[in-house]
Amino acid sequence: MSCKQTSRVLLALFFIVAGINHFRSPGVYLSIMPPFLPWPGPLVFISGLAEILGGAGVLFRGTRPISGWFLIALLIAVFPANIYAAIHGMRLSVFTVPQWILWIRLPMQGVLIFWVYRASLSPDRL
């Protein structure tokens, strides 16, 4: 398996596992949902399903480009929740996520976007 194929598989697993977690622990995501967004419960489930579908889509040549753009759009769309978490805090069950981790998470969105681009949209020769 090439480095790019390995990257795609890891990317797919990352998004699929994250998406499944939206269904297993919706409270975590509800807690960082900015109050100005309508329908927080359905949005948590929709974003989880989107992560699962986008992650699976990068594994197949025919769906890889659209899945790549879809995941990039999703990462941009959920960015307000990450900002909200950095400002207001985030709890995982009984564990409070340290504030510095939440702030580091913000630029990590750019790293994830770059990873999605490289794994699903850049030419295979790169």
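Considering all C-alpha pairs of segment 65-126, those separated by over 20 Å amount to 38%. The label point for Asn21 and the one for Ser7, both projected 7 Å from the Cα toward the Cβ, are 2.3 nm apart.
What is the percent of Cα-Cα separations in segment 1-53 that go past 19 Å?
Cα-Cα pairs of segment 1-53 separated by over 19 Å account for 36 percent.
Express the relative contact order of the chain as a whole percentage, based on alpha carbon pairs under 8 Å and six or more residues apart in sequence. Value for the chain: 30 percent. The residues Met33, Met1, when put in order of fewest to most other Cβ atoms within 10 Å, stand as Met1, Met33.
Taking the convex hull of the alpha carbon positions in the chain and averaging its projected area over all directions gives 7.9 nm².
Taking the C-alpha atoms only, the angle from helix 3-24 to the longest principal axis of the chain is near 30 degrees. Extension gain for the segment Gln109 to Ser122, taken as residue separation times 0.36 nm less the Cα-Cα distance, is 2.9 nm to one decimal.
Laboratory data are not the source of any read-out in this text; all were calculated from the coordinates shown. Everything numeric here is computed off the predicted structure, so don't read it as measured data. Note that each Cβ is placed from the backbone with ideal geometry, even for glycine, and that neighbours are counted across all protein chains shown.
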